[in-house]
Amino acid sequence: MKKEKKQLSLNAKIIIACFFMVIVPNILIFCSLMGIKGYFEATMGSAFRDKVDPSILRFFIMDTLISVIVILLICVVIVRRYVYKEIVRPISELNVAMKKIAEGNLDYRMENKYDSEMGEVFNNYEEMRLKLKESTTEMMENEEHNRELVSNISHDLKTPITSIKGYVEGIMDGVADTPEKMDRYIKTIYNKANDMDRLINELTIYSKIDNNRILYNFQRINVSDYFGDCVDEVGLDLESKNIKLNFDNLIPDDTMVIADPEQMKRVINNIIGNSIKYMDKDLTKEQGMIEIRLLDDIDSIRIEIEDNGRGIAARDLGRIFERFYRTDASRNSSRGGSGIGLSIVKKIIEDHGGYIWATSKEGEGTCMHFVLRKYKEVDDDE
């Protein structure tokens, strides 16, 4: 096995280079002077020796060499000091910083004391460090979110699966011994299966959002007709849950938007589903309320979906559209939820060129607001 050659440090290489900067010029100067002396001796012969005192000539040559050596040494000292200050020292500092990064210490900050190109290198290092730190932090957060997602989905799938198994075993054991019981058991199994399907759909949509792979089928839709159909569709389901649905349409009948009908329906269903989930009322005694309003904002329309549920605390309101964020941190909550429903809503609305926000008062209810741009016909004459 070959031994690795020991590499000289940059500082040692500079010292050696400076040494040769002194020695080589002096050898060349000495050779030149001796060559000049030899030339005159050869051409002038004894006349040169008679006119020029050899001792004076030696002193001249020595004085010239010494002067050159002193000048070169001063130049070398100045050059070396400059090179060390502007190149060697900053490279050493960069080397230390790179080792810190290799060790995983992304908090090691370098103080930029240089105005030259090396200062630009320091700035680039700092920018790289910050981006690496941001990327690493984001990666760790995503890993934590993914673990939380798996935990949430596992918990939320386990609940309906346990119920389905229990009701199926009841049917198999003959507990459902009347048509009414059998009908109730089957309806419960069906509802629990729908809950599982909804959770799996949310997970699928989340995966597409995370990879920017949502496929939209944008088309021109009439807002009044579209929301009228949505209200008819969700109204019966809400009525069966003792929740009153009000619909106020305050926009012109011919108002159009460009949207994906299926994805927009997912937005409405997710918001209304959240309202039902956090209604916090005994709906057998007290009636819940959900109100959908369509408002005209000149160049856009604003849709408001308001409920009379428990509301959202001010500390949570700004974070409800974050992925995996749940206002009820306890997993013992019967409401469940993966914590990605409203993040899906936000992503879809933003992909439609709109924006969404929420207002809420604890104990009174929550209102979701989202805005979509109107579609306007382009006049060919304009």
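The values are calculated or read from the model by the stated rules, or taken from the named source; none is laboratory data. Bear in mind the structure is a predicted one, so any value in this text is a computation, not a measurement. Methodologically, a virtual Cβ is constructed for each residue, glycine included, from the backbone with ideal geometry; neighbour enumeration extends over all protein chains shown.
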> Of everything in the stretch 189-210 that's acidic (Asp, Glu) and surrounded by 12 or more Cβ atoms within 10 Å (Cβ to Cβ), which residue is farthest from ILE348 (Cα to Cα)?
Replying inline: ASP195
>> I'd like to check something: does the stretch 103-114 contain any residue that is modelled with pLDDT of 80 or more and among the aliphatic types (A, V, I, L, M)?
In response: yes
> PRO261 fails exactly one of the following numbered conditions: (1) in contact with a helix residue (DSSP H, G or I) (Cβ under 6 Å, 6 or more places away or on another chain); (2) surrounded by fewer than 18 Cβ atoms within 10 Å (Cβ to Cβ). What is the number of that condition?
Replying inline: (1)
> What number of residues within the stretch 129-170 satisfy the criterion of being within 30 Å of ILE91 (Cβ to Cβ) and surrounded by 12 or more Cβ atoms within 10 Å (Cβ to Cβ)?
Replying inline: 5
> Would you pick out the residues in the stretch 89-146 that are of a type in the set (Val, Ile, Thr) and within 30 Å of SER207 (Cβ to Cβ)?
Replying inline: THR136, THR137
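Condition check ((1) in the same structural domain as ASN242 (by TED's automatic domain parsing); (2) surrounded by 16 or more Cβ atoms within 10 Å (Cβ to Cβ); (3) modelled with pLDDT under 80; (4) over 28 Å from the mean Cα position of the chain (by Cα)) across all residues:
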residue: GLU286; (1), (2), (3), (4): yes, no, yes, yes
residue: ASP296; (1), (2), (3), (4): yes, no, no, yes
residue: ILE305; (1), (2), (3), (4): yes, yes, no, yes
residue: ARG326; (1), (2), (3), (4): yes, yes, yes, no
residue: SER334; (1), (2), (3), (4): yes, no, yes, yes
residue: LYS347; (1), (2), (3), (4): yes, yes, no, no
residue: GLU364; (1), (2), (3), (4): yes, no, no, yes
residue: CYS367; (1), (2), (3), (4): yes, yes, no, yes
residue: ASP380; (1), (2), (3), (4): no, no, yes, yes
>> When you check ASP177 against the structure, is it in a loop (DSSP other than H, G, I, E, B), over 30 Å from GLY354 (Cα atoms) and more than 39 Å from the chain's Cα centre (by Cα), yes or no?
In response: yes
>> One residue is enough: does the stretch 211-233 have a residue meeting the conditions in contact with a Phe, Trp or Tyr (Cβ under 7 Å, 6 or more places away or on another chain), farther than 14 Å from GLU262 by Cα, surrounded by 12 or more Cβ atoms within 10 Å (Cβ to Cβ) and at pLDDT 85 or above?
In response: yes
> Of ILE268, ILE258, ILE189, ILE251, which residue is aliphatic (A, V, I, L, M) and not assigned by TED's automatic domain parsing to the domain that holds ARG302?
Replying inline: ILE189
>> Suppose we filter the stretch 196-216 for residues that are in contact with a Lys or Arg (Cβ under 7 Å, 6 or more places away or on another chain) and part of a helix (DSSP H, G or I); how many remain?
In response: 1
> Of everything in the stretch 336-345 that's aliphatic (A, V, I, L, M) and either in a loop (DSSP other than H, G, I, E, B) or farther than 20 Å from ILE301 by Cβ (or both), which residue is modelled with the lowest pLDDT?
Replying inline: ILE340
>> Is it the case, given these coordinates, that ALA358 is at pLDDT 85 or above, aliphatic (A, V, I, L, M) and outside any helix (DSSP H, G or I)?
In response: yes
>> For a quick check of your reading of the model, give me the residue pairs whose first member lies in the stretch 206-231 and is over 30 Å from ILE251 (Cα atoms), whose second is β-branched (Val, Ile, Thr), with beta-carbon atoms closer than 7 Å and at least 6 apart or on different chains.
In response: TYR206/ILE340; TYR206/ILE344; LYS208/ILE214; ILE209/ILE344
